[in-house]
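I have placed the structure first, in the form of structure tokens, so that the comments after it can refer back to it.
The values are calculated or read from the model by the stated rules, or taken from the named source; none is laboratory data. Everything numeric in this text was worked out from a predicted model, so none of it was measured. Note that each Cβ is placed from the backbone with ideal geometry, even for glycine, and that neighbours are counted across all protein chains shown. Please note that ligands, DNA and RNA were not included when accessible areas were found on the heavy atoms of the full protein model with its side chains. Shrake-Rupley method; radii C 1.70, N 1.55, O 1.52, S 1.80 Å.
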Amino acid sequence: MAITFTGSTAVVTGAGAGIGAVVAARLAARGADLLLVARRGDRLTALADRLQTEHEITASTVAADLATSEGRQHVLDTVRERDLRVGTLVNNAGFGTYGDVVDTDPDRLEQMIALNVGALTTLTRGMLPHLLAVGSGAVVNVASTAALQPVPHMAAYGASKAFVLSLTEALSVELRGSGVHAIALCPGSTRTEFFDVVGSEEPVVGRFQTADQVVDTLFRALDRRRPPSMVVSGTANRLLGAATRVLPRRAVLAATARAMAG
Ligand SMILES: NC(=O)c1ccc[n+]([C@@H]2O[C@H](COP(=O)([O-])OP(=O)(O)OC[C@H]3O[C@@H](n4cnc5c(N)ncnc54)[C@H](OP(=O)(O)O)[C@@H]3O)[C@@H](O)[C@H]2O)c1
């Protein structure tokens, strides 16, 4: 049965920019109420105001740093205190670091794993009972094409996204028959603020997609009668992803090393 977004709230993390902001707008157009999460509350409030004006929905915000356990708890407490009927969770907040592991600021590495892995896992666990009670929604976890093979010079980022992909595919099996779908979205290079945060466009592989194109891919997958447990955005990225599954691991690693060397 198709997923229904009306009549429940979608929690979207990293909703203040890029892919998250587009996902939030698309969910609002589908009639979902929204709880928007990121650190910069002013951006979230502006988006919530706009979406409430454009669509007949309620949008609220929580400014929280999801790299901290306090931030994650703040989001979970907000859902409980406001008695929100959460039907969909979009774990989109995430960032990457570029450079060899030995050269990367250890605190930055820790924050990245705390956000990309820790927050995503804790929020999934904390929200699932709500989603299962609603019984028609999705856990959308934003992974990356970096999840599909080891990525030299973005090693920990790639590994964090491999965790996201593995967790989500396994979760999709655990959720069978519940009406809740788990889907890992794997974008390739996408024109957002991501590479400003990375601090370099050196790791860009292939052509950029827009956040709209990536979100189109997501909703096409969600609208399928049986949504897949993972979806790669962009034809070239899908072909590369397919190649990583059939080629020997050593060949994939060598090819990725060449691509990352520019
Ligand atoms: N762009 C790409 O090429 C690309 C490719 C593959 C996968 N992805 C993945 O797509 C997802 C979205 O990235 P994007 O490209 O849309 O990046 P973006 O434009 O930089 O947006 C990231 C969002 O996450 C929020 N965020 C960052 N750190 C946070 C924290 N500690 N706590 C709460 N929110 C936080 C940011 O808002 P605040 O700064 O206000 O907190 C912002 O709203 C990420 O998981 C990324 O890894 C991106």
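Just a few scattered comments:
- Failed condition for Arg43, given (1) open to solvent by 80 Å² or more (accessible area, probe 1.4 Å); (2) within 16 Å of the ligand (Cβ to nearest atom); (3) of a type in the set (Lys, Arg): (1)
- Inside region 81-102, residues that are over 22 Å from Leu171 (Cβ atoms), more than 11 Å from the ligand (Cβ to nearest atom) and of a type outside the set (Val, Ile, Thr) make up a count of 6.
- For region 51-88, a tally of residues being free of Cβ contacts under 8 Å to residues at least 12 places away in the same chain and over 15 Å from Leu34 (Cα atoms) returns 4.
- Counting residues in region 51-58 that are polar (S, T, N, Q), under 28 Å from Ala2 (Cα atoms) and in contact with an Asp or Glu (Cβ under 6 Å, 6 or more places away or on another chain) gives one or more.
- Here Gly137 passes the criteria (1) open to solvent by less than 10 Å² (accessible area, probe 1.4 Å); (2) under 21 Å from Thr192 (Cα atoms) except the one numbered (2).
- Among the candidates Arg108, Arg72, residue that is within 16 Å of the ligand (Cβ to nearest atom), in contact with a helix residue (DSSP H, G or I) (Cβ under 7 Å, 6 or more places away or on another chain) and assigned to a helix (DSSP H, G or I): Arg72
- Given (1) crowded, with 16+ Cβ neighbours inside 10 Å; (2) in contact with a helix residue (DSSP H, G or I) (Cβ under 7 Å, 6 or more places away or on another chain); (3) on the phi > 0 side of the Ramachandran plot; (4) not aliphatic (A, V, I, L, M), index of the condition Thr190 fails: (3)
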